[in-house]
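Contents: one structure, followed by commentary.
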Amino acid sequence: MNVFRHLTFALWYLRHPPWESSIVPPEVEDFIRENPPGRALDLGCGSGTSSLRLAHAGWTVTGVDFVRRAILLAKQKARQANLSIDFQVADVTRLPDALFTIPNDLVLDIGSFHGLSPSGKTAYLNQMDRLLAPGGTWLLYGFFKPGERPGPGLTPSDLHSIPLQLTKRQDGLERKTRPSAWLWFKKK
């Protein structure tokens with residue numbers, strides 16, 4: 001884990017990070033409406049907005065983020081809502097063994113994967129087969145970076161390296177300027 005990156009994200013949580021809107025994305029709401037409750041893993045869960053919504057809809061949820069303050073906020077929100085959610089401080093590229101014991105029907109990632117280094121993306125993807133149940137969905141949101149320059153963002157090579165079946169793609173714009181997409185992948 002890049003220490004500077006970790007510190008930057010931790011500092012954001014001393015105030016209000018721009019990605020913390022407290023709004024559940026419509027794509028997540030649609031997924032909840034279209035699928036029966038099961039097990040969900042929210043990778044890069046932040047302060048838990050989507051995790052809370054999934055738990056409220058009957059899902060058994062684990063939320064993971066590498067920023068301790070984000071997890072503390074998520075736990076506080078879950079207590080206030082009287083919801084039982086397993087929130088854990090962990091690096092999405094090196095998840096604890098306990099998260100692999102029961103596969104998930106949904107792995108949700110709203111903006112975590114696209115921020116990883118190339119080696120981080122590989123490590124993350126190497127865990128996916130053990131995280132997802134057969135027929136499970138990886139629901140991914142990310143923005144694209146122009147060209148192959150360094151920095152956060154999805155690239156065409158990232159999408160080609162994903163060992164799951166792309167079943168749906170919805171393109172859009174991040175903050176009305178940067179190309180982004182919601183991607184639905186199924187475990188084959």
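Values quoted throughout were computed directly from the atomic coordinates according to the rules given, and no laboratory measurement underlies them. Given the structure is predicted, the values throughout are model-derived calculations rather than measurements. A quick note on method: Cβ atoms are made from the backbone with ideal geometry, for glycine too, and the neighbour counts reach across all protein chains shown.
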Notebook entry, point to check: Give me the log10 of I(q) over I(0) for segment 93-168 at q = 0.11 Å⁻¹, as the Debye formula computes it from C-alpha points; what are the numbers?
Noted result: -0.28
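Diagonalise the Cα gyration tensor of segment 55-129 and give the resulting equivalent ellipsoid semi-axes, square root of 5 times each eigenvalue, largest first, whole Å. Mind showing how you got there, number by number?
Numbers: eigenvalues 103, 44, 23 Å².
Largest first, segment 55-129 gives 23, 15, 11 Å.
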Check: Using modelled backbone amide H atoms (1.01 Å from N, in-plane), which distant-in-sequence or interchain residues come within less than 5 Å of G136's amide H?
Finding: K187
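By its C-alpha gyration tensor, with a ≥ b ≥ c as the square roots of the eigenvalues, how is the chain shaped: rounded for a/c under 1.5, else prolate for a/b larger than b/c, else oblate?
On the way: a/c = 1.34, a/b = 1.10, b/c = 1.22.
Rounded, since a/c falls under 1.5.
If you add up the charges near T137, with Lys and Arg at +1 and Asp and Glu at -1, over every other residue whose beta carbon is less than 15 angstrom from its beta carbon, what do you get? Each step should come with its number before you reach the end.
Values: positive: R33, R39, K168, R169, K186, K187, K188; negative: E27, E29, D30, E34, D42, D105, D109, D129.
So the environment of T137 carries a net charge of -1.
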Notebook entry, point to check: Helix-derived [θ] at 222 nm for the chain: sum -39500 (n - 2.57) over DSSP H runs of at least 4, divide by residue count, nearest 500?
Noted result: -9000 deg cm²/dmol
